[in-house]
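Student: Quick one: this structure, given as structure tokens, is what I'll be asking you about.
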Amino acid sequence: MILKIIAQNLANGALATGDGDPEDRWPDLLARIAPHRPDLLLLCEASDWHRYGHKQLARAMRDLDMDACPLPPSSTGIRPAVMYRGATIGRWVRYNDDWSQTTVHGFGVAAFDIGLRKPLSVVAAHFDPHSPDKALQEAKVVATRGYKYGPLALVGGDINYPPTRGPAPAYGRMRPYNRAARTLVGPDGTLQPDTRVAGMLERCGYQDAALEMFDRSGDETLLRPTGATDRIDQIWVTTPLAPAVIGYTVLDTPEGASDHHGVMVELDTDLIDASDLWDYR
């Protein structure tokens, strides 16, 4: 089975500008997402999607012909969301947001039966943009909870920090608050990307899907920025899932749908390494 997984930051729920003025960008995001018919959709900044009887969540479900997991608790209201196509991946068999309160924006782990002894677990993640130290803690919690139902886990969303390898961010175009959060000062006084969050995910046994495909193909366009200055939107897969990654695409049209590009991974479940499907403990 080939699964398509898309991660997309909506930017203010796709319903408003950053200044709070009404701005319905959902039709543009629908035009970006729907043609790919994702099996799993990991959204960030689903702000106000719970209001008025979950009106916008219901709209997205109808427009995409997908269902949604419960929205996790969030201290900011800028919560992530997981949507799924029941016709291909079935209903979720577990959904767990027990540790959502330890992160700024919240998260939940959704598990799906893909015909193996352990389910596929997916997390829509949106790490703290202001403090790399807090984001480092969040990455550890999210990565660990992703393993709750076994070693087949995928984390995707607005990671907010640079990957361990790739083109240097455009430091000169960064807003000063982003530059302060996402960089370190080297011994010679030059700026360097702060890759500690990505490094934590790697130490937890996750692999950056874009780098996985780049190492196979050498295609540097896979590593292009997803935000204004750097590649902060990422999808990470655990080691058993890495051989199953057969495609990676940056989604950037229509222009202006969001201030973030989307990213899509294609996963061939027949290529998953199921030799050691251990139990969480």
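The values are calculated or read from the model by the stated rules, or taken from the named source; none is laboratory data. What you are looking at is a predicted structure, and each value in this text was computed from that prediction instead of being measured. Neighbour counts are summed over all protein chains in view; Cβ atoms, including those assigned to glycine, are modelled from backbone coordinates with ideal geometry. Remember, those area values only see protein heavy atoms, side chains included, never the ligands or the DNA or RNA. Shrake-Rupley method; radii C 1.70, N 1.55, O 1.52, S 1.80 Å.
Student: Considering only protein heavy atoms and a probe of 1.4 Å, how much of the accessible area of the chain is carbon and sulfur, as a whole percent? Can you show the working numbers first?
Tutor: Working: 6020 of 12010 Å².
On the chain, the fraction of accessible area on carbon and sulfur atoms equals 50 percent.
Student: How big is the shadow of the Cα convex hull of the range 214-281, averaged over all directions, in nm²?
Tutor: On the way: hull surface 25.4 nm².
Averaged projected hull area, Cα only: 6.4 nm².
Student: What whole-number value in Å² describes the accessible area per residue of the range 2-271 for a 1.4 Å probe? Please report the intermediate quantities before stating the final value.
Tutor: On the way: 11060 Å² over 270 residues.
The answer is 41 Å² per residue.
Student: Determine the dipole magnitude for the chain: charges of +1 sit on the beta-carbon of Lys and Arg, -1 on that of Asp and Glu, nothing else is charged, the reference point is the Cα centre, and the result goes in debye to the nearest 20. Mind dumping the intermediate values first?
Tutor: Values: 29 positive and 37 negative charges, 113 e Å.
Around 540 debye, computed over the chain.
Student: Ordering Phe214, Phe112 by how much accessible area each has at a 1.4 Å probe, largest first, what is the list? Walk me through the numbers before you get to the answer.
Tutor: Numbers: Phe214 45, Phe112 0 Å².
The ordering from most to least exposed comes out as Phe214, Phe112.
Student: Same structure again: Rounded, prolate or oblate, given the Cα gyration tensor of the range 13-151, with a/c below 1.5 counting as rounded? Provide the component values of the computation, followed by the final result.
Tutor: Details: a/c = 2.01, a/b = 1.10, b/c = 1.82.
Because a/c hits 1.5 or more and a/b fails to exceed b/c, the range 13-151 counts as oblate.
Student: Also, quick follow-up: Count the lysine pairs in the chain that are 8 or more places apart or on different chains: how many have C-alpha atoms under 25 angstrom apart? Spell out each step's value before the answer.
Tutor: Working: Lys4/Lys118; Lys4/Lys148; Lys118/Lys140; Lys118/Lys148; Lys134/Lys148; Lys140/Lys148.
Here the count comes out as 6.
Student: Which of the listed residues, Ala180, Leu10, Val142, is farthest toward the dipole's positive end in the chain, when Lys, Arg count +1 and Asp, Glu count -1 at the beta-carbon?
Tutor: It is Val142, whose Cα lies furthest towards the positive end.
Student: Also: Please report, in cubic angstrom per residue, the volume enclosed by the convex hull of the alpha-carbon atoms of the range 73-175. Walk me through the numbers before you get to the answer.
Tutor: Numbers: hull volume 13.7 nm³, N = 103.
Once divided by residue count, the hull of the range 73-175 is 133 Å³.
Student: Contact order normalised by length for the chain, with contacts defined as Cα pairs under 8 Å and 6 or more residues apart; what percent is it? Don't skip to the end; give the middle numbers.
Tutor: Details: 649 pairs, mean separation 56.0, N = 281.
Reported relative contact order: 20 percent.
Student: Where does each of 49-59, 63-73, 180-190 land if you order them by average Cβ count within 10 Å, highest first? Display every interim value, and only then the final one.
Tutor: Values: 49-59: 15.0, 63-73: 17.7, 180-190: 12.1.
Going by the mean number of other Cβ atoms within 10 Å, highest first, we get 63-73, 49-59, 180-190.
Student: Convex hull volume of the Cα atoms in the chain, per residue, in Å³?
Tutor: Numbers: hull volume 36.2 nm³, N = 281.
Per-residue hull volume (Cα only) is 129 Å³.
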